[in-house]
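Below you'll find the structure, written out as structure tokens, and then a few comments.
The values are calculated or read from the model by the stated rules, or taken from the named source; none is laboratory data. Remember, predicted model here, so these are calculated numbers, not experimental data. Here the Cβ is made from the backbone with ideal geometry for all residues, glycine too, and neighbour counts use every protein chain on show.
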């Protein structure tokens, strides 16, 4: 017999006045029970909460954005779960969701708070690829047929190429790690238990990456700076924004160099050297296409553009000068945990003055070539003084770089004239190196911001 029935039975034995009081109490008790039945395990009411849940069940957020917003309160992880549906039954739980929904420790964590997680589930639309259509269950409970389109879920599928059933996101929405279908609840609870340590490791990685990238930029190593910062520039958060701002400084520096080329005569050695240096700097980077469009606007003929692009060396001797610069580290489509574990190394290119040899010009019978040799040697002396680690930044340093650039420019003009535009292998190799030195003289100057 229920409490309400007992109260009603006793009421018939009471006086009318007391009967009214008892009935009121019974109605209030019933109302309290009804309210309690509508209360979620997390303490909120169904109608006012953006989480899809039932009492004593796994708590699922309706969208990735909603889960991230919840995770930001306590910096706990977002567990993004994806599976194909089982068979043609729209109401059947997916295998991974079914497992997670049956593990009490995971259910408890899904309620949020310290030591908790924010869970969200998604699945590919029937017959569609994960990258084109992603449905996320909404009101109706686990496995409900009703779905909403989630742009954030689509973006995760489009970006992450490694196999996964669970993606763990930080409170910014960065993909930290990918996980296959777990066999035991420990695989999930272990991630949550170590989450603070994981975030601390990521924080160190972000700060170190920014420090290395900014150091490259400070030395005028534009390509290396851009590559280093690219490891985290596509992420979200304060340190990622710092990397994005520094990358923009690199792009601004390239734009300044391109303007110098645009202001130079169309057929000048200086313009050719700058364009060649810029193309070498951005080769293989995501900025290459943008820069190429800007170069084409200068009216550079396509056949000339092709000739100016770095080519594979014809001989082993030419490898140090004509070979393409080191490739950019491959970090796209990988969770941050894999990037941190691999810690891609950005290889610094050799100095522009390394191994430059113009001594063969001294034995020439043509006095112009002997003059070219002296110009190269004097230019190298100025360049090395200006780019030494102990050199003071400022106008004196820039004066040395401008002086070196002028000497290299004159030497290039002499070599082009004496060869009639058809240099032999040794002269062509030297001209390639001098061209990079001219670009370096401009790149290392303290250009205005």
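Please verify whether residue 88 is in contact with a strand residue (DSSP E or B) (Cβ under 8 Å, 6 or more places away or on another chain), at pLDDT below 85 and not in a helix (DSSP H, G or I), treating the condition exactly as stated.
Criteria not met by residue 88.
For the range 192-225, enumerate the residues that are surrounded by fewer than 20 Cβ atoms within 10 Å (Cβ to Cβ) and not in a helix (DSSP H, G or I).
Listed by number, the residues that qualify are 194, 219, 220.
Just to check your reading of the model, which residue among 415, 437 is crowded, with 20+ Cβ neighbours inside 10 Å and farther than 16 Å from residue 353 by Cα?
Result: 415 is the single residue among 415, 437 that is crowded, with 20+ Cβ neighbours inside 10 Å and farther than 16 Å from residue 353 by Cα.
Which one of these is modelled with pLDDT of 90 or more, farther than 22 Å from residue 441 by Cα and surrounded by fewer than 17 Cβ atoms within 10 Å (Cβ to Cβ): 236, 297, 259?
Answer to the check: 236.
Looking for whichever is within 34 Å of the chain's Cα centre (by Cα), under 23 Å from residue 276 (Cβ atoms) and touching a residue at least 12 places away in the same chain (Cβ under 8 Å) here; the options are 382, 409, 353. Which one fits?
Being within 34 Å of the chain's Cα centre (by Cα), under 23 Å from residue 276 (Cβ atoms) and touching a residue at least 12 places away in the same chain (Cβ under 8 Å) holds for just one of 382, 409, 353, which is 353.
Return yes when residue 397 is surrounded by fewer than 20 Cβ atoms within 10 Å (Cβ to Cβ), modelled with pLDDT under 90 and outside any loop (DSSP other than H, G, I, E, B) and no when it is not.
yes
Inspect all residues belonging to the range 367-387 and state whether any of them is loosely packed, with under 15 Cβ neighbours inside 10 Å and either on the phi > 0 side of the Ramachandran plot or not in a helix (DSSP H, G or I) (or both).
no
Out of the range 152-175, which residues are more than 14 Å from residue 78 (Cβ to Cβ) and at pLDDT 80 or above?
Selection gives 165 alone.
Looking at 113, 43, can you tell me which residue is at pLDDT below 80, closer than 17 Å to residue 191 by Cα and either in a loop (DSSP other than H, G, I, E, B) or assigned by TED's automatic domain parsing to the domain that holds residue 158 (or both)?
Exactly one residue qualifies, and that residue is 113.
For the subset of the range 418-434 comprising residues that are assigned to a helix (DSSP H, G or I) and free of Cβ contacts under 8 Å to residues at least 12 places away in the same chain, which member is surrounded by the most Cβ atoms within 10 Å (Cβ to Cβ)?
428
Please pick out the residue among 149, 57 that is surrounded by fewer than 19 Cβ atoms within 10 Å (Cβ to Cβ) and at pLDDT 80 or above.
57
Return the total of residues in the range 174-191 being in contact with a helix residue (DSSP H, G or I) (Cβ under 8 Å, 6 or more places away or on another chain), assigned to a helix (DSSP H, G or I) and surrounded by fewer than 19 Cβ atoms within 10 Å (Cβ to Cβ).
Total satisfying the criteria: 1.
Within the range 268-277, is there a residue that is within 20 Å of residue 409 (Cβ to Cβ), in contact with a helix residue (DSSP H, G or I) (Cβ under 9 Å, 6 or more places away or on another chain), modelled with pLDDT under 90 and buried (at least 17 other Cβ atoms within 10 Å of the Cβ)?
Taking every residue of the range 268-277 in turn, none turns out to be within 20 Å of residue 409 (Cβ to Cβ), in contact with a helix residue (DSSP H, G or I) (Cβ under 9 Å, 6 or more places away or on another chain), modelled with pLDDT under 90 and buried (at least 17 other Cβ atoms within 10 Å of the Cβ).
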